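Data first, discussion second: the structure below is written as structure tokens.
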Amino acid sequence: MVTSSKVVDELVVAVGWLGRPRLAPDWKITEGALGLTLPDDYKRLGETIPVGSYGGVVDLQPPSPQTCVDLRVMFARALDILRSIRKLPYPVYPDVPGLLPWARCRAEGAGMLFWLTDGGDPNDWPVVPSAINNDRWEEFDVGAVEFLLALVTDELPSEILRRRDYKPKFASDEDLFFE
């Protein structure tokens with residue numbers, strides 16, 4: 001298994017990011033609100049690269065005290081929609097196992113990126129992209145950062161998500177919060 005530091009460093013190189021984010025997540029508040037520990041790679045990513053878009057198709061905004069401290073609040077509408085679907089292939093958080101959203105997708109037909117939480121190690125939670133409109137789901141046995149790295153390096157074997165070649169591998173949205 002790749003360490004969270006190593007895979008975050010690989011993503012930083014792949015997207016050409018220089019610098020530090022100005023909005024620092026407060027993981028104790030976020031995890032306390034959720035009642036669970038989040039994966040180490042995701043937390044390290046939020047401390048290393050600011051909010052932004054990966055490959056023009058994934059928008060990632062880790063929760064922060066300046067924006068929102070709880071993924072359930074950030075993705076409340078998505079969780080409500082999931083709970084209304086009758087033949088959902090997975091339970092929804094706070095059920096365990098359950099889908100917990102961590103990023104939005106801009107790709108046509110794609111919806112969200114989820115972890116499939118369970119009672120075990122959060123570093124082992126698979127990533128589950130959805131195309132809810134088409135009732136399509138995929139499951140990848142990698143962490144969030146490995147998933148993003150595969151996306152931006154065009155190595156993600158997904159039918160739902162593909163990087164847009166004409167978009168940068170990463171574009172920071174952090175300046176939107178400071179204008």
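The values are calculated or read from the model by the stated rules, or taken from the named source; none is laboratory data. Since the model is a prediction, treat every value here as computed from it, not as a measurement. As a convention, Cβ positions derive from the backbone with ideal geometry for all residues, glycine included, and neighbour counts pool all protein chains shown.
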Number of the exception - residue 104 against (1) among the basic types (Lys, Arg); (2) under 15 Å from the mean Cα position of the chain (by Cα); (3) in a loop (DSSP other than H, G, I, E, B): (3)
Of all residues making up region 129-141, the number that are surrounded by fewer than 20 Cβ atoms within 10 Å (Cβ to Cβ) and either among the aliphatic types (A, V, I, L, M) or within 28 Å of residue 17 (Cα to Cα) (or both): 4
Identify all residues within region 82-92 that are in a helix (DSSP H, G or I) and either charged (D, E, K, R) or surrounded by 15 or more Cβ atoms within 10 Å (Cβ to Cβ) (or both); write none if there are none. 82, 83
Within region 10-23, track down each residue that is farther than 18 Å from residue 165 by Cα and either touching a helix residue (DSSP H, G or I) at 6+ places or on another chain (Cβ under 7 Å) or not hydrophobic (A, V, I, L, M, F, W, C) (or both). 10, 12, 19, 20, 21, 22, 23
Quick one: residue 96 ticks every box in (1) modelled with pLDDT of 80 or more; (2) under 14 Å from the mean Cα position of the chain (by Cα) except a single one, so which number is it? (2)
Kindly provide the set of residues from region 107-128 that are surrounded by fewer than 22 Cβ atoms within 10 Å (Cβ to Cβ), in contact with a Leu (Cβ under 9 Å, 6 or more places away or on another chain), part of a loop (DSSP other than H, G, I, E, B) and not small (Gly, Ala, Ser), ordered by number. 126
If you go through region 136-148 one residue at a time, do you hit one that is acidic (Asp, Glu), more than 19 Å from residue 75 (Cα to Cα) and touching a residue at least 60 places away in the same chain (Cβ under 8 Å)? yes
Could you tell me which of the residues 59, 124, 41, 26 is of a type in the set (Asp, Glu) and touching a helix residue (DSSP H, G or I) at 6+ places or on another chain (Cβ under 7 Å)? 41
When the residues of region 14-47 are filtered to those that are among the hydroxyl-bearing types (Ser, Thr, Tyr) and touching a Phe, Trp or Tyr at 6+ places or on another chain (Cβ under 9 Å), which remaining residue is nearest to residue 169 (Cα to Cα)? 42
When you go through 63, 39, 50 one by one, which is the residue that is at pLDDT 90 or above, under 29 Å from residue 158 (Cα atoms) and buried (at least 19 other Cβ atoms within 10 Å of the Cβ)? 39
Selection over region 111-129 where residues are farther than 14 Å from residue 151 by Cα and free of Cβ contacts under 8 Å to residues at least 60 places away in the same chain yields a count of 10
